[in-house]
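Participant: Here it is, the structure, as structure tokens.
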Amino acid sequence: MAGRLIYLIGPSGSGKDSLLDAARTRLAERGCRVVRRVITRSSEALGEAAQGVSPEQFAEMQKQGAFALSWQANGLSYGIPREIDDWLAAGQDVLVNGSRGHLHETRERYPDVQVLLLTVDLPVLRQRLLARGRESLAQIDERLARNTQFSENLLEDNDAALCLIDNSGPLENAVERLLSYLEGGRPAPER
Ligand SMILES: Nc1ncnc2c1ncn2[C@@H]1O[C@H](COP(=O)(O)OP(=O)(O)O)[C@@H](O)[C@H]1O
Ligand SMILES: O=P(O)(O)OC[C@H]1O[C@H](OP(=O)(O)OP(=O)(O)O)[C@H](O)[C@@H]1O
């Protein structure tokens, strides 16, 4: 049986990278692969979460068909290596740090994709982006503005296939909800 493609989305700063990092070992124990993305952001070049490449390298990789999915956002290009198709075909679950903006295309290519939306209360989100200190104030405001565009649409769609995980509290709570989702198909109810 084919594995499940699980597509984790959420606002910038909602904790997608943190959640995947914190859950990495336990996900591996359950046979779930976390995709290492290709990003035109050099500071992530050494991280487990991403391979940093130049825009030229990215364009070349894209031309060679290296990506199963790819998108542009926040001035960066992101690619999901096409190896995920082999993993899925071999029955492995695959977790992707995805893009809200690319959800439609992802669903077209992978109709059975399972979508997890990570949410954080707005004041907490702003604080976390400021504390992360990776972007300038102007960039943070751009990211927060990008949220309004997506969050309302996603939540108003009343999309039954969308599963929500709140990360306004301790990260460990979100980790537990992610893992119980993987075990049962749906996370335990919010406490
Ligand atoms: N549950 C949490 N409690 C406190 N801080 C968190 C929590 N989750 C994430 N953070 C912090 O919030 C910031 C944004 O998280 P990050 O994983 O980079 O988000 P994303 O990948 O969605 O942009 C980081 O500085 C991270 O350490
Ligand atoms: O369409 P959106 O949902 O807005 O997503 C755009 C991109 O932003 C995030 O990446 P990244 O981890 O580089 O950014 P972040 O840490 O600020 O979330 C996300 O994983 C997408 O690749």
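Here's the yes/no breakdown for (1) closer than 17 Å to Gly98 by Cβ; (2) at pLDDT below 95; (3) in contact with a Leu (Cβ under 8 Å, 6 or more places away or on another chain); (4) not hydrophobic (A, V, I, L, M, F, W, C):
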position	(1), (2), (3), (4)
Pro123	no, yes, no, yes
Arg134	no, yes, no, yes
Gln139	no, yes, no, yes
Arg143	yes, yes, yes, yes
Arg146	yes, yes, no, yes
Glu152	no, yes, no, yes
Asp157	yes, yes, no, yes
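Participant: Which fully enclosed helices (runs of 4 or more DSSP H) of the stretch 15-96 have 2 or more residues being surrounded by fewer than 19 Cβ atoms within 10 Å (Cβ to Cβ) and basic (Lys, Arg)?
Facilitator: Filter on the stretch 15-96 gives 16-29.
Rundown of residues vs (1) of a type in the set (S, T, N, Q); (2) within 13 Å of ligand 2 (Cβ to nearest atom); (3) touching a residue at least 12 places away in the same chain (Cβ under 8 Å), yes/no style:
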{"position": "Ala2", "(1), (2), (3)": "no, no, yes"}
{"position": "Leu8", "(1), (2), (3)": "no, yes, yes"}
{"position": "Gly13", "(1), (2), (3)": "no, yes, yes"}
{"position": "Asp21", "(1), (2), (3)": "no, yes, yes"}
{"position": "Thr25", "(1), (2), (3)": "yes, no, no"}
{"position": "Gly31", "(1), (2), (3)": "no, no, yes"}
{"position": "Ile39", "(1), (2), (3)": "no, yes, yes"}
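Participant: Please state which one of Gly65, Gly52, Gly79, Gly47 is more than 17 Å from the chain's Cα centre (by Cα) and either over 26 Å from Gly184 (Cβ atoms) or within 15 Å of ligand 2 (Cβ to nearest atom) (or both).
Facilitator: Of Gly65, Gly52, Gly79, Gly47, the one residue that is more than 17 Å from the chain's Cα centre (by Cα) and either over 26 Å from Gly184 (Cβ atoms) or within 15 Å of ligand 2 (Cβ to nearest atom) (or both) is Gly65.
Participant: Being hydroxyl-bearing (Ser, Thr, Tyr) and either more than 16 Å from ligand 1 (Cβ to nearest atom) or farther than 23 Å from Gly75 by Cβ (or both) is the filter here; which residues of the stretch 87-131 pass it?
Facilitator: Within the stretch 87-131, Thr106, Tyr110, Thr119 qualify.
Participant: May I ask you to say which residue of Leu118, Leu154, Leu144 is touching a helix residue (DSSP H, G or I) at 6+ places or on another chain (Cβ under 7 Å), assigned to a helix (DSSP H, G or I) and under 24 Å from Ala23 (Cβ atoms)? Please lay out each step first, then the result.
Facilitator: Numbers: Leu118 fails: assigned to a helix (DSSP H, G or I); Leu144 fails: under 24 Å from Ala23 (Cβ atoms).
Exactly one of Leu118, Leu154, Leu144 is touching a helix residue (DSSP H, G or I) at 6+ places or on another chain (Cβ under 7 Å), assigned to a helix (DSSP H, G or I) and under 24 Å from Ala23 (Cβ atoms), namely Leu154.
Participant: Restricting the search to the stretch 132-143, which residues are away from ligand 1 (no atom under 12 Å from the Cβ) and without any contact (Cβ under 8 Å) to a residue 24 or more places away in the chain?
Facilitator: Matches in the stretch 132-143: Ser136, Leu137, Ala138, Asp141.
Participant: Sticking with this structure for a sec: Name the pairs: first residue in the stretch 103-123 and exposed (fewer than 12 other Cβ atoms within 10 Å of the Cβ), second residue modelled with pLDDT of 95 or more and outside any helix (DSSP H, G or I), Cβ to Cβ under 6 Å, at least 6 apart or on different chains?
Facilitator: Between residues of the stretch 103-123 that are exposed (fewer than 12 other Cβ atoms within 10 Å of the Cβ) and residues that are modelled with pLDDT of 95 or more and outside any helix (DSSP H, G or I), there is no close pair.
Participant: Residue under question is Ser12, and the condition is that it be within 21 Å of Ala174 (Cβ to Cβ), assigned to a loop (DSSP other than H, G, I, E, B) and either among the small types (Gly, Ala, Ser) or at pLDDT 95 or above (or both); does it hold?
Facilitator: Details: within 21 Å of Ala174 (Cβ to Cβ): yes; assigned to a loop (DSSP other than H, G, I, E, B): yes; either among the small types (Gly, Ala, Ser) or at pLDDT 95 or above (or both): yes.
Taking the combined requirement at face value, the residue satisfies it.
The values are calculated or read from the model by the stated rules, or taken from the named source; none is laboratory data. Small disclaimer: the values here were computed from a predicted structure and weren't measured. Heads up, the Cβs are rebuilt from the backbone with ideal geometry, glycines too, and the neighbour counts pull from every protein chain shown.
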